[in-house]
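See structure below.
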Amino acid sequence: MGGDEEADLTEGNAVIARAGGQPVVTCATDQKVVADIAVELVALRASRQPVCASAAVDDVVAAGALPLVGLTALQALRAAGTGPGDTVLVHAASGGVGHLAVQVARELGATRVLGTSSERNADFVRSLGADPVTYGPGLGDRVAELVGGDGRVDVAVDFIGGEALAASPALVRDPARHVSVVDPAPVLEQGGRYVFVRPDAEGLGWLAERVADGRIIVEIQQVFDLAAAPDAHRLLEEGHVRGKLVLGGSSCVVSAVCGSRAVASPAC
């Protein structure tokens, strides 16, 4: 859907989107989608509950934080064929993508989820429904102790790269069921799969419904005014952010901080 095309929307509809260039919130004005690039949209109509992370987080904040990280988690897990009965290992399980991947894996039917994290975030990972595993040397032994049997999992999804990605082939029964979103070359050489997140209206709707009814929680560590964007990026670069950092304004969320930059929606 292009920026100049008519959409079945009216002014005031709540809309969330994932679009190229990483703007993650847009809106409708005079029945036209305001955006300068192609996007796929999900309108949350008046008959449906608003997307919200919790009673303490405004719905537009969760909506701004959800699309990029949520779709990344969902597409990675689907690429690995995650389904009923699987034991899933999520690398970086307390981060923006990882904390949603833990919950999405459960929604896809996984019987058990393990999540790598620091000891500081172990309780948080546990609260999401995963067994926390401290990352670093000896990870394979710790995973084997938790799962028993052959010591391996059915699915491994990597959202951090480096040592975690290097360890994945030895931790998963079938190398084709380990997925990374970080760097294509290493994971493909290992026999795994690389996923680059794409706009997906169906997937975003799937996520939004589960956020709306509380089955998936979007963890927001902190909301920054747009003028404080440098502070948000400094915090992000320090590492160990729990969930998401969000940039907001007085009337809307303009972007979720992700990676090395944040881009405001032209609608805001």
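The values are calculated or read from the model by the stated rules, or taken from the named source; none is laboratory data. Keep in mind that what you see is a predicted model, and the values were worked out from it rather than measured. Note that we place each Cβ from the backbone using ideal geometry, even for glycine, and neighbour counts take in every protein chain shown.
Points to keep in mind about this one:
- Flag for residue 106 being among the basic types (Lys, Arg), assigned to a helix (DSSP H, G or I), in contact with a Pro (Cβ under 9 Å, 6 or more places away or on another chain) and within 22 Å of residue 243 (Cα to Cα): no
- Count - residues of the range 156-186 that are of a type in the set (Val, Ile, Thr) and either modelled with pLDDT of 95 or more or in contact with a Pro (Cβ under 9 Å, 6 or more places away or on another chain) (or both): 4
- Test result for residue 125, touching a helix residue (DSSP H, G or I) at 6+ places or on another chain (Cβ under 9 Å), among the β-branched types (Val, Ile, Thr) and under 20 Å from residue 206 (Cβ atoms): no
- Taking the conditions (1) within 20 Å of residue 195 (Cβ to Cβ); (2) touching a Lys or Arg at 6+ places or on another chain (Cβ under 7 Å); (3) aromatic (Phe, Trp, Tyr) in turn, residue 124 satisfies each one other than (1).
- Scanning the range 177-192 finds one or more residues that are touching a strand residue (DSSP E or B) at 6+ places or on another chain (Cβ under 8 Å), under 19 Å from residue 92 (Cβ atoms) and of a type in the set (Lys, Arg).
- Residue within the range 221-236 that is touching a residue at least 12 places away in the same chain (Cβ under 8 Å) and within 25 Å of residue 150 (Cα to Cα) present: no
- Some residue of the range 213-229 being at pLDDT 90 or above, in a helix (DSSP H, G or I), buried (at least 21 other Cβ atoms within 10 Å of the Cβ) and of a type outside the set (D, E, K, R): no
- Residue 205 being touching a Pro at 6+ places or on another chain (Cβ under 8 Å) and either surrounded by 22 or more Cβ atoms within 10 Å (Cβ to Cβ) or in contact (Cβ under 8 Å) with a residue 24 or more places away in the chain (or both): no
- Close Cβ contacts (under 6 Å, 6 or more residues apart or on different chains) running from residues in the range 132-148 that are modelled with pLDDT under 95 to residues that are among the charged types (D, E, K, R) and part of a helix (DSSP H, G or I) comprise 134/119.
- Test: residue 168 is in contact with a His (Cβ under 9 Å, 6 or more places away or on another chain), in a loop (DSSP other than H, G, I, E, B) and either surrounded by 15 or more Cβ atoms within 10 Å (Cβ to Cβ) or on the phi < 0 side of the Ramachandran plot (or both): no
- Applying the set (1) farther than 20 Å from residue 203 by Cα; (2) in contact (Cβ under 8 Å) with a residue 60 or more places away in the chain; (3) outside any loop (DSSP other than H, G, I, E, B) to residue 99 leaves exactly one unmet item: (1).
- Selection count, the range 115-157, where residues are surrounded by fewer than 21 Cβ atoms within 10 Å (Cβ to Cβ) and either aromatic (Phe, Trp, Tyr) or part of a strand (DSSP E or B) (or both): 3
- Restricting the first member to the range 69-94 and to residues that are over 22 Å from residue 124 (Cα atoms), and the second to residues that are at pLDDT below 95 and β-branched (Val, Ile, Thr), the beta-carbon pairs closer than 6 Å and six or more apart or on different chains are 75/197.
- Any hit, the range 158-165, residues being touching a residue at least 40 places away in the same chain (Cβ under 8 Å), over 25 Å from residue 68 (Cα atoms) and in a strand (DSSP E or B): no
- Scanning the range 104-114 for residues that are in contact (Cβ under 8 Å) with a residue 40 or more places away in the chain and buried (at least 24 other Cβ atoms within 10 Å of the Cβ) yields 104, 105, 110.
- The residue that is nearest to the chain's Cα centre (by Cα), among those in the range 75-86 that are surrounded by fewer than 24 Cβ atoms within 10 Å (Cβ to Cβ) and on the phi < 0 side of the Ramachandran plot, is 75.
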